[in-house]
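The values are calculated or read from the model by the stated rules, or taken from the named source; none is laboratory data. Everything numeric in this text was worked out from a predicted model, so none of it was measured. Please note: Cβ atoms are built from the backbone with ideal geometry, for glycine as well, and neighbour counts cover all protein chains shown. What goes into the accessible areas is simple: the full protein's heavy atoms, side chains included, and nothing from ligands, DNA or RNA. Shrake-Rupley method; radii C 1.70, N 1.55, O 1.52, S 1.80 Å.
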Amino acid sequence: MLSANLTPSNEEDARLYKQLMNESQGKPGFMVVLAGNSGRDFEYKKRVLEAIAGDTGGKSLKMIEDPEIEAGLLWRLVRISASVREVGRAGGGSLGAVGGSDVFPLMAVISRCCPP
């Protein structure tokens, strides 16, 4: 997900994917979005998260902590557009027509049995 959302092409995606896999030692990861009611609250939450990560052997990918990269990833998560790059770009396919996906028949059945 990260490499696909941080790069404009499949070639760069593959290169960054390898870099991120090396940095994460091939282990699965997840993204945590922290927010605070004040700067002090945010810093406290960040220290707690860092302590938990330290106690459990977790670590942050330094590249992801870059403010520009953080902002781009957060924007994509909030806008729910992250999976567009993950799914559509890799294979070059895009579904933009009604009935273009396997979910369409199910939508038709649901609309007949359960109208809004």
Cβ pairs under 9 Å, 6+ apart, first in region 19-37 and touching a residue at least 12 places away in the same chain (Cβ under 8 Å) and closer than 13 Å to Leu77 by Cβ, second assigned to a loop (DSSP other than H, G, I, E, B) and open to solvent by 90 Å² or more (accessible area, probe 1.4 Å): Met31/Met1
Helices (runs of 4 or more DSSP H) within region 1-77 that include 2 or more residues of a type in the set (Asp, Glu): 10-23, 39-56
